[in-house]
Amino acid sequence: MAPLPEHVLIRPLGSADIDQVVKLESHTFPSNERAGREKMRYRLHAAPELSSGMFVRVPTKKGRCSKRDCPRSQRSHSSDSASSTEKLIAFVIATKCATEYITDDALEIPEIDKEGYRKPTEVNCQRGHVETGNTIAVESICVDPEYQGMKLGTTILRDFVQRMSTQAVAGRVAILAREDMVPFYENLGFYDAGPSVVKFGGGGWHNLWISLEDSEVDD
Ligand SMILES: CC(C)(COP(=O)(O)OP(=O)(O)OC[C@H]1O[C@@H](n2cnc3c(N)ncnc32)[C@H](O)[C@@H]1OP(=O)(O)O)[C@@H](O)C(=O)NCCC(=O)NCCS
């Protein structure tokens with residue numbers, strides 16, 4: 001495997017990373033396949049533990065992170081936060097769903113009442129993140145174009161699946177993929193279950209899945 005770029009770290013994403021997430025999504029996905037700020041904010045709020053961000057630590061020019069050069073959301077959380085920023089170069093973002101494969105409802109934001117609770121209609125119960133679901137629905141995986149082809153997509157997805165398996169938060173991981181991307185996921189041990197019914201992004205997706213209960217991610 002190719003070595004990672006210098007000063008790389010992988011950690012779950014949080015609400016403070018939203019600007020970098022939206023920017024990277026806009027650089028990597030065509031407009032009809034983007035979730036956009038509102039959905040990304042919802043997903044990171046509803047299930048931050050089901051996300052992974054890969055960052056490179058970038059030293060700042062003067063050894064200090066000025067407010068102008070470095071918005072608060074991009075400052076390092078480490079002890080030397082005054083001398084570096086974290087640039088997001090890849091991410092995996094997921095929620096959980098109660099179905100075996102990803103549905104259009106899983107990709108939506110649920111309707112919430114004034115008290116902050118999910119409105120209890122049958123359709124609404126399947127919308128967005130379902131905490132009791134047994135499937136981790138990966139809605140987005142991408143790598144900054146500058147870093148593509150360096151196995152970072154492989155690395156972050158393998159790391160994500162292994163963490164999900166260790167934490168035993170669900171029984172399986174599901175992803176939607178265009179046909180040309182199917183081998184990328186099969187090489188990591190995912191199975192192709194054929195065409196998906198999802199219409200998001202114009203449809204034409206394949207359902208990919210991997211069990212977290214009986215397998216390790218392929219090297
Ligand atoms: C798809 C993506 C995450 C892959 O990340 P990456 O770091 O460039 O991929 P890797 O270097 O780990 O590639 C691993 C293998 O997958 C193949 N691959 C990567 N992207 C591919 C693509 N778009 N189509 C077909 N094969 C692809 C590579 O050729 C490589 O094959 P090899 O092992 O035979 O050399 C990245 O290209 C990306 O962000 N694309 C735009 C967003 C996107 O399409 N996300 C996936 C939605 S299903």
With Rh as the Kirkwood radius over Cα pairs, the chain has Rg/Rh of 0.97
What order do 34, 41, 172, 178 take when sorted by accessible area (1.4 Å probe), most exposed first? 41, 34, 178, 172
Calculate the dipole size of the chain relative to its Cα centre from +1 charges on Lys and Arg beta carbons and -1 charges on Asp and Glu beta carbons; express the result in debye to the nearest 20. 1320
Under 20 Å from a point 7 Å along the Cα-to-Cβ line of residue 60: which residues of the stretch 15-46 have their amide N that close? 16-21
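Can you compute the FRET efficiency between residue 115 and residue 146 using 1/(1 + (r/R0)^6), with r the Cβ-Cβ distance and R0 = 41 Å? Round to the nearest 0.05.
0.40
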Long pairs among 39/87; 23/114; 151/199; 119/199, criterion Cα-Cα beyond 27 Å: 23/114; 151/199
By the C-alpha gyration tensor axes a ≥ b ≥ c (rounded if a/c is under 1.5, else prolate when a/b exceeds b/c, else oblate), the shape of the stretch 143-219 is oblate
In degrees, nearest 10, range 0 to 90: what is the angle between the Cα axis of helix 152-167 and the longest Cα principal axis of the chain? 60
Let's test the formula: R0 of 45 Å, r as the Cβ-Cβ distance of residue 6 and residue 132. What FRET efficiency results, to the nearest 0.05? 0.60
Which value in deg cm²/dmol, rounded to the nearest 500, describes the helix-derived mean residue ellipticity at 222 nm for the chain, given -39,500 (n - 2.57) per DSSP H run of n ≥ 4 and division by the residue count? -6000 deg cm²/dmol
Specify which residue in the list 160, 198, 60 is farthest towards the positive end of the charge dipole of the chain, using unit charges on the beta carbon of Lys, Arg (+1) and Asp, Glu (-1), about the Cα centre. 60
Among 84, 51, 31, whose mean-square fluctuation peaks in a Gaussian network model of the chain (Cα, cutoff 10 Å)? 31
Loop GluC sites (Glu not before Pro), the stretch 160-219 (other Cβ atoms within 10 Å of the site Cβ: 12 or fewer; DSSP): 213, 216
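The values are calculated or read from the model by the stated rules, or taken from the named source; none is laboratory data. None of these values were measured; they are calculated from a predicted model. All Cβ positions, even for glycine, are placed from backbone atoms using ideal geometry, and neighbour counts span all protein chains on display. Please note that ligands, DNA and RNA were not included when accessible areas were found on the heavy atoms of the full protein model with its side chains. Shrake-Rupley method; radii C 1.70, N 1.55, O 1.52, S 1.80 Å.
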